[in-house]
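First comes the structure, then the notes that go with it.
The values are calculated or read from the model by the stated rules, or taken from the named source; none is laboratory data. What you are looking at is a predicted structure, and each value in this text was computed from that prediction instead of being measured. Backbone-built Cβ (ideal geometry, glycine too); neighbour counts: all protein chains shown. Protein only, heavy atoms only, side chains kept; ligands, DNA and RNA dropped before computing areas. Shrake-Rupley method; radii C 1.70, N 1.55, O 1.52, S 1.80 Å.
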Amino acid sequence: MMKFICRNKAVDLSEPRVMGVLNVTPDSFSDGGRYMDVESALDRAWQMIDEGAAIIDIGGESTRPGAVRPAVAVELNRIVPVVQHLAAASLPVPISVDTRHADVMKAVIDAGADIINDVEALHAPGAIDICATAKVGVCLMHMQGTPDTMQVQPHYANVVDEVRSYLEGRLATCLRHGVSRESILLDPGFGFGKTCEHNYLLLKRLRIIAGIGMPVLVGLSRKSMIGSVLDVEVEKRTVGSVVAAMLAVQGGAKVVRAHDVFETIQGLKILRACVAVDR
């Protein structure tokens, strides 16, 4: 049985799981401003758990293209109280925090976070040591450039090979510095320094990324790669997001990061029923 170990919790990855998105930001592209206070964030976390989320992922900095980077103190003020309250509520699932700053990582781990989900794959000085010492789970993501510049003419000779090579390198570095193999997820970074064509090539050939031999997390939910094909606004991208998530699962993804937890769980149930009849 494949398990993702994060501190004293574990996520069973023998079947694909859903990571529910909980942004406590005013400017995230989809749900910015909706869960800024602790009470509404806690209510949303419990709602997603009831819908089937296996991980709750909290973000205090929007990393959408062109987003204004908040000061670390602002990010801490957004995230730490929410993590403290969720930890005190004894959630039955791990608490993940989406951050790229080592100071924030240390603070949220002290507050009770179980997973660090980093768009910069723990490149910040001290980040790997912080995570290795605390024995938290980590998600290492590929991004070309920074959120400020990543969508300014992204270019690859071969996007799939380059993403795989980068993730293999970050995996090796983390293992050398004491992060447990059972505590690592890899994320190809859909939408982070990639054109629409790059994104769909990655989705089509996700098996190559899964071939690294580590559990793969994908974040496709409501992104521009969905909107550009369907020509619909963010709030109308649920169906497209679920379809893309199911394609990713068929390509080997073990964790799907989603805003629409209930609908994504429904998609997984249908996919599971289809697979089961071949056994």
Determine if the stretch 226-244 includes at least one residue that is buried (at least 19 other Cβ atoms within 10 Å of the Cβ), touching a residue at least 40 places away in the same chain (Cβ under 8 Å) and either assigned to a helix (DSSP H, G or I) or aliphatic (A, V, I, L, M) (or both). yes
Could you please find all residues in the stretch 75-104 being hydroxyl-bearing (Ser, Thr, Tyr), in contact with a strand residue (DSSP E or B) (Cβ under 8 Å, 6 or more places away or on another chain) and assigned to a loop (DSSP other than H, G, I, E, B)? Thr99
Would you check if there is a residue in the stretch 112-119 being in contact with a helix residue (DSSP H, G or I) (Cβ under 8 Å, 6 or more places away or on another chain), in contact (Cβ under 8 Å) with a residue 12 or more places away in the chain and within 13 Å of Phe192 (Cβ to Cβ)? yes
Pick from Arg17, Arg64, Arg34: which is modelled with pLDDT under 85, under 16 Å from the mean Cα position of the chain (by Cα) and open to solvent by 60 Å² or more (accessible area, probe 1.4 Å)? Arg64
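So that you can scan it fast, the table gives a plain yes or no per residue for (1) farther than 18 Å from Ile56 by Cβ; (2) of a type in the set (S, T, N, Q):
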residue	(1), (2)
Pro94	no, no
Val97	no, no
Ala102	yes, no
Ala111	no, no
Glu120	yes, no
Ala124	yes, no
Ile128	yes, no
Thr133	yes, yes
Only unsatisfied item for Val163, checking (1) open to solvent by less than 40 Å² (accessible area, probe 1.4 Å); (2) more than 19 Å from the chain's Cα centre (by Cα), is (2)
Counting only residues in the stretch 247-256 that are within 16 Å of the chain's Cα centre (by Cα) and part of a helix (DSSP H, G or I), the one nearest to Glu182 (Cα to Cα) is identified as Val249
Could you check how many residues of the stretch 176-207 are assigned to a loop (DSSP other than H, G, I, E, B), of a type outside the set (Gly, Ala, Ser) and surrounded by 23 or more Cβ atoms within 10 Å (Cβ to Cβ)? 5
For the stretch 120-141, which residues satisfy the criterion of being touching a helix residue (DSSP H, G or I) at 6+ places or on another chain (Cβ under 8 Å) and open to solvent by less than 10 Å² (accessible area, probe 1.4 Å)? Ala121, Leu122, Ala127, Cys131, Val136, Gly137, Val138, Leu140
